[in-house]
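Structure first, then comments.
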């Protein structure tokens, strides 16, 4: 059966279309989309393949999919909006905004350490069940009580799930709105983004089926990605359990979709991701709508952590909420590129030097820890087109 490919691209970016088509023929793509903005204008908007492995329904222009940790990049935009407005001080103790967080020796942890994964609160020791993940108060209470897994500030380790509740609770304490409402009202609605943190049942008909990688059948604890089943890296994703070995993907369940899990359950089109990052790369505004001041973004992409990651065992590089271009997250050749990948392959990023906003979404999850080969092929073709 011929794979359907739809959408459009500026002729200058024919190489991106070719790479996108090759992802289906050579890299086992099932359903996906890629979108690119250049200097605030769309230049690529492609989608193709299938909504699910049964190939009964085509991926269409408005198909949404869970983008896992690409959601963290959206959370960073929200955080820096509050910083820009003078409502949040990155160097203030978290406990200044969230007093309960001071428990278990965390009274001095500054907000910036939450954003760059240095806080040491990457997992929760208290046993939790999957349903706990859908209750905001349960998760934030457990995090407030949690003792750090390492001396805060001494090293960094990817807060795979806790990042969202930690940063999201600070935003809630400062602003009063939940992170899903804040993002929708401050960014998604003004910018016209088809991007959501928490979705009602009215969205289900548009949300593609997540296809977990084969590794999920073995996970945990035999996965080589995390090693010791009692390590902070593995506890971070099994307590509560993010994956469902041998069963339907957790991300395809209505309870997951409905909750606000801002480290991992954003649902987006590639077009939506490309547009918000395209605005970031266009002086912090798009179509006359303000995102963030250039000075705010410059602060946000100042390197805070670089090197071996305590939780996931690879080198990672972080600014304040965004993953910076580097060995594990290579976003092209330019130094001022930043964004966030998601488990399985999704990606949104901005390249301030090239004026690029990039979004890639897919339903078949790959097994790479940070940078998927399908996204890499699209990025290579993008910069080839710019030469």
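For the reader, a short list of remarks on this structure follows.
- Degrees separating the helix 70-84 axis from the principal Cα axis of the chain, which is the longest one: 60 degrees
- Translational diffusion coefficient of the stretch 239-283 (Stokes-Einstein, Kirkwood radius from Cα pairs, 37 °C, 0.692 mPa s): 258 µm²/s.
- Mean separation of Cα contacts under 8 Å (6+ apart) over length of the chain, as relative contact order %: 25 percent
- 0 to 90° range, to nearest 10: angle between helix 270-280 axis and the chain longest Cα axis: 70 degrees
- Sorted on the mean count of surrounding Cβ atoms within 10 Å across their residues, most packed first, peptides 175-188, 97-110 read 175-188, 97-110.
- Sorted largest first, the principal axis extents computed over the alpha-carbon atoms of the stretch 316-360 equal 27, 21, 18 Å.
- The value for the stretch 46-162 of Rg(Cα) / (2.2 N^0.38 Å) is 1.35.
- Rounded to 10°, Cα long-axis angle of helix 136-145 versus longest principal axis of the chain: 50 degrees
- Highest to lowest packing among 13-24, 74-85, scored as the average C-beta count within 10 Å: 74-85, 13-24
- Rough spin-label spacing in nm, given labels placed 7 Å along Cα→Cβ, for residue 8 and residue 189: 3.0 nm
- Residues of the stretch 161-199 with amide N under 11 Å of the 7 Å Cα→Cβ point at residue 258: 199
- Whole-Å distance, taken between Cα centres, linking the stretch 227-296 and the stretch 1-75: 18 Å
- Highest average first, the peptides 376-386, 118-128, 346-356, 197-207 ordered by how many other beta carbon atoms sit within 10 Å of their residues are 346-356, 118-128, 376-386, 197-207.
- Per-residue extension of 0.36 nm, minus the Cα-Cα distance of residue 238 and residue 154, leaves a gain of 27.7 nm for this segment.
- For the stretch 264-338, fraction of C-alpha pairs farther apart than 22 Å, in %: 31 percent
- Taking a point 7 Å from the Cα of residue 287 along the Cα-to-Cβ direction, the residues of the stretch 59-80 with backbone N closer than 17 Å to it are 62.
- Helix-only mean residue ellipticity at 222 nm for the chain, each DSSP H run of n ≥ 4 adding -39500 (n - 2.57), per residue, nearest 500: -8000 deg cm²/dmol
- Cα-Cα P(r), the stretch 270-387, percent of pairs per 5 Å interval: 2, 12, 21, 25, 19, 14, 5, 1, 0
No lab work stands behind these numbers, since they all come straight from the coordinates. The shown structure was predicted, so the numbers you read here are calculated from the model rather than taken from an experiment. All Cβ positions, glycine included, derive from the backbone under ideal geometry; neighbour counts span all protein chains shown.
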